[in-house]
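The next block holds one structure in the form of structure tokens; read it before the comments.
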Amino acid sequence: MTTATAVTAPPPTPTPSRIGGVLRLHTVAWPLLVAWPVGILAVSFAICWTIYFLVQNEEGEGFTGAVTALLGFVVAFYLQAMNQSFPFALGLGVTRREFHRATVIMAVGQSAVFALVLQALSAIETATGGWGVHMRMFGLARYLTDSRIVELLSLFAILLATTGISMLAGAIYQRWRTTGLLAAGVALFGGLGLAAIGITWARWWPEIGSWFADSPRAVPMVALPLVIAAAALAGSWVGLRRATP
């Protein structure tokens, strides 16, 4: 008597052609991916430069955080990718694994390109004395480090962490809809609140401040955002693998 043994097929391996197809699908939204971020940075720069030119600032380098508007478009693009491109890609026969892997590749590439551009603008800003008007818009990391390498890696890590958090939020919405998103928000802020209460009760704030001040700059500026990015990207896959459009 022969006993048949059921053989479980291994999960399908993501194919390069389909991953490339998802990447091309993402580039359809190129205005949100490239044009709008560049446009808002250009407008912000023009406004800030004109103000500093008119006030004739000579006492020291002025600060403007207008470059952080770029993060808003990063958030918008990846929320759109997870909530609109994802259902469309599944309808075309793309697997969840392929979509997630392609989106992570897009996130890493976009973060690297934006970091290189911002680093170049920061270098020009330094060389020109704040664009000739003592204005600092792009070199925000220079407040914390003199290392160009740490500055570049910090830009990349922060952009990737922002991307990962956006993908995680989109995956939570796809999996559990508004209820899940609100529950995650409450859990996050509740956890941070409890942590703040515990740290205050234990009087650990000076030690935490000392750790940030005394650690090598690459630890809080690069390693910590990269850890957050890795955790968020992993969490986005956990949510996306069982999500239904």
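Return one whole number: the accessible area per residue of segment 154-237 in Å², for a 1.4 Å probe.
57 Å²
Report the percentage of all Cα-Cα pairs in segment 68-135 whose separation exceeds 20 Å, rounded to a whole percent.
That tail contains 47 percent of the Cα-Cα pairs.
Please list 66-75, 95-104 highest first by mean number of surrounding beta-carbon atoms within 10 Å per residue.
Top of the packing list down: 95-104, 66-75.
Quick one: if you take sqrt(5λ) for each eigenvalue of the C-alpha gyration tensor of segment 105-245, what semi-axes come out, biggest first, whole angstrom?
They are 32, 23, 13 Å, listed largest first.
What ranking do 105-111, 216-222 get when scored by the average of other Cβ atoms within 10 Å per residue, highest first?
105-111, 216-222
Counting pairs of alpha carbon atoms under 8 Å apart in space and at least six apart in sequence, what relative contact order in percent does the chain give?
Relative contact order comes out at 25 percent.
Amide H of G62: which non-local residues (sequence gap of 5 or more, or other chain) have their own amide H closer than 5 Å, using H built in the peptide plane?
Distant-sequence amide H within range of G62: M135, R136.
Can you give me the long-range amide H partners of T95? Hydrogens built in the peptide plane at 1.01 Å from N, cutoff under 5 Å, separation of 5 or more residues or another chain.
none
Which order do the peptides 200-206, 173-179 come out in when sorted by mean C-beta neighbours inside 10 angstrom, highest first?
Descending packing order for the listed peptides: 173-179, 200-206.
Projecting each Cα onto the charge dipole of the chain (Lys/Arg +1, Asp/Glu -1 at the beta carbon, about the Cα centre), which of V67, G39, T178 comes out farthest on the positive side?
Checked the options; the winner is T178.
In nanometres, what is the gap between the two model label sites at I40 and W176, each 7 Å from Cα along Cα-to-Cβ?
Placing both labels 7 Å along Cα→Cβ, they lie 2.8 nm apart.
Rounded to the nearest 20 debye, what is the charge dipole size of the chain about its Cα centre when +1 sits on each Lys and Arg Cβ and -1 on each Asp and Glu Cβ?
Result for the chain is approximately 1180 debye, rounded to the nearest 20.
Working from the pairwise distances between different alpha carbons, so that the mean of 1/r is found and then inverted, what is the chain's Kirkwood radius in Å?
20.6 Å
For an R0 of 35 angstrom, estimate the FRET efficiency from the Cβ-Cβ distance between E58 and W205 and round to the nearest 0.05.
FRET efficiency, E58 to W205: 0.40.
Remind me, relative contact order of segment 138-245 in percent, using alpha carbon pairs under 8 angstrom and six or more residues apart?
Relative contact order comes out at 55 percent.
For segment 68-201, which whole-number percentage of the solvent-accessible area (1.4 Å probe, protein heavy atoms only) is attributable to carbon and sulfur atoms?
76 percent
What list of ³J(HN,Hα) values in whole Hz, one per residue of segment 111-124 in order, does the Karplus curve 6.51 cos²θ - 1.76 cosθ + 1.60 (θ = phi - 60°) give from phi, with Gly and Pro shown as x?
Running phi through 6.51 cos²θ - 1.76 cosθ + 1.60 with θ = phi - 60° gives 4, 5, 5, 4, 5, 5, 5, 5, 5, 5, 5, 5, 5, 5 Hz.
Using r as the Cβ-Cβ distance of I47 and T128, and R0 as 22 Å, what FRET efficiency do you calculate, to the nearest 0.05?
The calculated FRET efficiency here is 0.75.
The values are calculated or read from the model by the stated rules, or taken from the named source; none is laboratory data. Being a predicted model, the structure only gives us computed values, none of them experimental. No Cβ is skipped: glycine too gets one built from the backbone with ideal geometry, and neighbour counts run over all protein chains shown. Note: areas computed on protein heavy atoms with side chains; ligands, DNA, RNA excluded. Shrake-Rupley method; radii C 1.70, N 1.55, O 1.52, S 1.80 Å.
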